[in-house]
Amino acid sequence: MKKFNFCDGLVAPLDRANVDTDAIIPKQFLKSIKRSGFGQNLFDEWRYLDHGEPGMDSSKRRLDGGFVLNLPRYSGAQILLARANFGCGSSREHAPWALQDYGFEAIIAPSFADIFFNNCFKIGLLPIVLDTHKVDQLFQEVEATEGYRLMVNLRDQSVTTPGGDSFLFDIDPFRKHSLLNGLDEIGLTLQHADRIKAFEDKHRDSQPWLFA
Amino acid sequence: MQTLYDKLWQSHVVHEESDEPDGMTLLYIDRHLVHEVTSPQAFEGLKLAGRKPWRLDSILAVADHNVPTTRRDRGISDPISRLQVETLDDNCDELGITEFRMNDLRQGIVHVIGPEQGATLPGMTVVCGDSHTSTHGAFACLAFGIGTSEVEHVLATQCLLMKKARSMRVMVEGKLGHGITAKDVALAIIGEIGTAGGTGYAVEFAGSAIRDLSMEGRMTLCNMAIEAGARAGMIAVDDTTTEYIQGRPFAPKGDLWDKAVAYWRTLKSDEGARFDKVVTLEAARIKPQVTWGTSPEMVATVDGNVPDPAQISDIVQRHDMERALKYMGLAPNTPIREIRPDKIFIGSCTNARIEDLRAAAKVVEGKHIAGNIKLAMVVPGSGLVKHQAEQEGLDKVFRDAGFEWREPGCSMCLAMNDDRLGPGERCASTSNRNFEGRQGLGGRTHLVSPAMAAAAAVAGHFVDVREIY
């Protein structure tokens, strides 16, 4: 997993609620058996005017100039500012893969869908929950100021605006530790292999039909 | 005093990473269902790390998302889809994982075949790289969707690192009206609590109307828990549960059956158990539901109208509604009954079981689809559902009415195969998501029950199914 410590990044605002993972990465790109290369198809149906299919040369496709990520001022954004219930719908991890592959390192929203939120931590993409009124403030500032950047510091659990406002966010200590160190969670779990085996033996004794 | 969720959680705790009550917990997984779309990178990761699956007999695999629903004898024509399905076949062969291949009678949508085979049993933790894994909670399982990294984690360790969710109980009390199905209950609940109303919660559905549901109905309801934001939905065990399971291929037999049933009987919330949130609906007030927008919470009753954004004070909400209506090509205040679909899709892990097909067949029997319906299709949830329906003559009922009778798979629920809507096409669909582009770029989805989809096919517009049978 990719490490995350801090990010001083350009912010792009995506001003709509309930952005689902079908919108983040449409289904036709899920046919890939690879883990990389999804960034060019992030928000495909919103970013491009033509219908995208796997294998197309994205540089030759027609962009929708009105979509926020196509505006020059947001080119190279690393922090996505979003609205409530971001990442709802399908469990596809391709959604966080696409966001990360595009270049995003953190996403700020008032709330996230559970599976998406969880998936982000597995790859080192940081989802940050801030109160709605703080997110409203950030939307106003980013839209008013070209080149608007935020400083995200995971160790301090803070998001700092150019004006000096600093907002603290919550994160589970285990997840924070894993992100700061880029830990392999499977490797960590396998350190408990004896515990898992012991549990399994006990479980087999009490519910033998599960192992028949 | 424990909730059903407490019991399921506690009986699978391997290790707690912290002393805090809501810290990360290592949870044991009993059943791992695998499909072709979210597994290839997990198998690759496993191999690259030189790891092996922890427990092969916990895994059941099937290809469902990419498979064609016509002419299976010709194989899969799209080379990218074909490679993905072949990759699953190869991974299962190489590792010795049980898989139902595309032309196996037992093949079907992963959330249909698990219960159908008795591979989903009460008290289990069930995971799959698919958000609709919540379906299996109908059997008093803790069942939830996971991402590909977690698929790899379960393959390698038989465990997941989880945080315990808060608990919610949704009570539906009383008797459902004539023609009202679990799908209407699910959409009514989502309309009530919103598409994020269940976020952070594990939801137990309870109350007399839930107890009256068949297992098929309970699966429909738990399937849609994720559309209310809840990763897991669940229902206590009763006779309906055990009767459904008995005799299925993977179900316990003989002495083990008796022992299992004795345990399963305990899988209900204790009297007086405390929930973090309780929502109550009155069954008799639930009417047939039709979604009008691009989120399942954008739902109305069939006798209602498309809402008017001008009436909404919250700006974000109003803009979302305006955007949804524009996408859906609907004017504010349009009566739902005047909406005319171009296509009809009866299928998906929500509504492609035998009971669903029977309900739809009952509506179309002796009738024909309306002239404005360009395509009406029935995609059974599994080869066995299809076979059963054919034994009952339902295929003939559908074909005579002008429907196409297809091979099992996810099909036009998410349009990964060739079954999809064209831009601007409007569909009455028994699936679970009406997101933009879900059923095809520019496609417009209205979520309904199988009977309502069938009735719309015959009338050419939405009608109140209670008035026709």
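The values are calculated or read from the model by the stated rules, or taken from the named source; none is laboratory data. All values derive from a computational prediction rather than experimental measurement. Methodologically, a virtual Cβ is constructed for each residue, glycine included, from the backbone with ideal geometry; neighbour enumeration extends over all protein chains shown. Accessible surface is based on the protein model in full, side chains and every heavy atom, while ligands, DNA and RNA are left aside. Shrake-Rupley method; radii C 1.70, N 1.55, O 1.52, S 1.80 Å.
In peptide B:153-160, how many Cβ atoms from other protein chains are near each Cβ within 10 Å, on average? Let's see the in-between values first.
Details: counts 6, 2, 1, 5, 9, 6, 9, 3.
What the average comes to for B:153-160 is 5.
Report in % the part of the accessible area of chain A that belongs to carbon and sulfur, leaving out ligands and nucleic acids; probe 1.4 Å. Display every interim value, and only then the final one.
Numbers: 4080 of 8340 Å².
Carbon and sulfur: 49 percent of the exposed surface of chain A.
For chain B, give the magnitude of the charge dipole about the Cα centre (Cβ charges: +1 Lys/Arg, -1 Asp/Glu; no others), in debye to the nearest 20.
On the way: 51 positive and 63 negative charges, 150 e Å.
With Lys and Arg at +1 and Asp and Glu at -1, about 720 debye.
About the Cα centre of segment B:1-153, what is the dipole size in debye to 20, counting +1 per Lys and Arg Cβ and -1 per Asp and Glu Cβ, all else neutral? Numbers along the way, then the final one.
On the way: 12 positive and 24 negative charges, 112 e Å.
Charge dipole of segment B:1-153: 540 debye, to the nearest 20.
Using a 1.4 angstrom probe on the protein heavy atoms only, line up A:Tyr48, B:Tyr244 by accessible area, largest first.
Values: A:Tyr48 15, B:Tyr244 40 Å².
The most accessible residue leads, giving B:Tyr244, A:Tyr48.
Restricting to Cα pairs below 8 Å that are 6+ residues apart, what does the relative contact order work out to for chain B? Please round to a whole percent. Don't skip to the answer; put the middle values down first.
Details: 1146 pairs, mean separation 80.3, N = 469.
Over chain B, the number comes to 17 percent.
I'd like the interface area for chains B and A: accessible area of each alone minus the complex, both sides summed, 1.4 Å probe, protein heavy atoms only. What is it in Å² to the nearest 100?
Numbers: alone 18460 and 11270 Å², together 24010 Å².
It comes to approximately 5700 Å² buried between B and A.
For segment A:37-110, with every protein chain kept in place, what is the accessible area per residue (1.4 Å probe, Å²)? Write out the running numbers ahead of the final one.
Values: 2470 Å² over 74 residues.
Here the residues of segment A:37-110 average 33 Å² of exposed surface.
Leaving out ligands and nucleic acids, and using a 1.4 Å probe, what accessible area per residue does segment B:90-220 come to in Å²? Don't jump to the answer; show the numbers that get you there.
Working: 2910 Å² over 131 residues.
Using a 1.4 Å probe on heavy atoms only, each residue of segment B:90-220 averages 22 Å².
Of the heavy-atom accessible surface of segment B:297-368 (probe 1.4 angstrom), what whole percent is carbon and sulfur?
Values: 1550 of 3250 Å².
Of the solvent-accessible surface of segment B:297-368, carbon and sulfur hold 48 percent.
Run the numbers on segment B:427-448: which residues show a drop of 10 Å² or more in accessible area, chain on its own versus all protein chains together, using a 1.4 Å probe over heavy atoms?
For segment B:427-448, once contacts with the other chains are taken into account, B:Arg433, B:Phe435, B:Glu436, B:Gly437, B:Arg438, B:Leu441 lose 10 Å² or more.
Along the positive direction of the dipole of chain B (beta-carbon charges: Lys, Arg +1; Asp, Glu -1; about the Cα centre), which of B:Ala310, B:Ile97, B:Thr135 reaches farthest?
The one lying farthest along the dipole's positive direction is B:Ala310.
Which one of B:Pro408, B:Val448, B:Ile468 has its Cα pushed farthest toward the positive end of the charge dipole of segment B:399-469, where Lys and Arg give +1 and Asp and Glu give -1 at the Cβ?
The listed residue farthest towards the positive side: B:Val448.
Which whole-Hz couplings ³J(HN,Hα) result when phi for each residue of segment A:163-168 is put into the Karplus expression 6.51 cos²θ - 1.76 cosθ + 1.60, θ = phi - 60°, listed in order with x for Gly and Pro?
x, x, 5, 10, 10, 8
Counting only other chains, what is the mean number of Cβ atoms within 10 angstrom of the Cβ of each residue in peptide A:35-46? Walk me through the numbers on the way to the answer.
Details: counts 7, 1, 0, 0, 0, 0, 0, 0, 0, 2, 4, 2.
The shielding value for this peptide is 1.
Positive end of the charge dipole of chain A (Lys, Arg +1 and Asp, Glu -1 on Cβ, about the Cα centre): tell me which of A:Pro173, A:Leu14, A:Leu210 has its Cα farthest that way.
The listed residue farthest towards the positive side: A:Leu210.
Pick from A:Glu143, A:Glu185, A:Glu200 the residue whose mean-square fluctuation is largest in a GNM of chain A, springs joining Cα atoms under 10 Å.
So, out of A:Glu143, A:Glu185, A:Glu200, the one fluctuating most is A:Glu200.
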